[in-house]
Amino acid sequence: MKKLWAPWRMTYIKEALQKEAGEECILCSIGKAVDADNEPNLVLARGKYVFLILNKFPYNNGHLMVVPYKHAGGFSELSDEAVLELWRYAERAVDVLKKSFNPDGFNIGFNLGRVAGAGIEDHIHLHIVPRWSGDTNFMPILSDTKVISQALSDTWAELSKCWNTLFASSS
C-alpha cells in the first residue's frame with residue numbers, strides 16, 4: 001500500500017465534522033474575524049461585501065477564493081453590489097497572482113452543490129487557481145497525488161505584500 005503523509009487532512013476532516021455538528025460556517029467565522037486575524041486565517045484582503053482568502057486545501061500553489069461575507073448558497077441571494085465587488089476582487093486576485101507567480105493561465109469558477117465539488121456548499125465562493133505549463137506531472141497522473149510546492153504562510157506573505165503594493169489604497 002502506498003502512503004502519502006498529509007497531516008493537513010485531519011484539520012479538514014475535523015472542520016467538516018464541526019460544521020456537521022451545528023457549528024458556524026467556517027467562511028462566516030473567518031469573515032467575522034478582525035483584521036489582526038487575517039494572517040492566521042489566510043485572508044489577503046477585505047472589502048465591504050467580500051474578502052479574498054487563500055484556500056487552506058489548495059488544488060495548486062496560490063489557489064485563492066473570493067468569499068462574500070453574506071452566508072448565501074447562490075448568486076440570487078447576493079446584492080448587485082456584492083456581485084460587482086466579487087468580480088472586482090477576482091480581477092485583482094488574478095493581477096496579484098500574475099505579478100507574484102507568473103502563471104501561464106487560470107481556472108476560475110464556482111462549485112455549486114456537493115456533486116459539483118463544493119466542499120462548503122451552502123456558502124458561495126469563487127475559486128481562482130493559477131496554472132503553469134507542465135504543472136500536471138507524474139504525481140497526479142500515476143498516483144492521484146498533487147504536490148503543493150510552497151507553505152501557505154509563505155504564499156500568504158508573498159501575495160499579501162503584492163496586494164498591498166498594488167491595491168492598498170483602493171481596498
- Task: With respect to residue 3, determine if the residue is farther than 27 Å from residue 165 by Cα, at pLDDT 90 or above and not in a helix (DSSP H, G or I).
- Result: no
Counting only helices (runs of 4 or more DSSP H) wholly inside segment 26-101, the ones holding at least 2 residues that are of a type in the set (A, V, I, L, M) and under 20 Å from residue 119 (Cβ atoms) are 26-32, 80-101
Margin query: Taking the conditions exactly as written (assigned to a loop (DSSP other than H, G, I, E, B), surrounded by 15 or more Cβ atoms within 10 Å (Cβ to Cβ) and at pLDDT below 85), does residue 120 satisfy them or not?
Written below: yes
Picking from 96, 115, the residue that is within 21 Å of residue 66 (Cβ to Cβ) and at pLDDT 75 or above would be 96
Scanning segment 100-117 for residues that are out of contact with any Pro (no Cβ under 8 Å at 6 or more places or on another chain) and surrounded by 14 or more Cβ atoms within 10 Å (Cβ to Cβ) gives 100, 108, 110, 111, 112
Checklist entry - Just a yes or no: is a residue in segment 70-77 of a type in the set (Phe, Trp, Tyr) and either surrounded by fewer than 16 Cβ atoms within 10 Å (Cβ to Cβ) or more than 16 Å from the chain's Cα centre (by Cα) (or both)? => result yes
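The values are calculated or read from the model by the stated rules, or taken from the named source; none is laboratory data. Because the structure is a prediction, the values reported are computed rather than measured. A quick note on method: Cβ atoms are made from the backbone with ideal geometry, for glycine too, and the neighbour counts reach across all protein chains shown.
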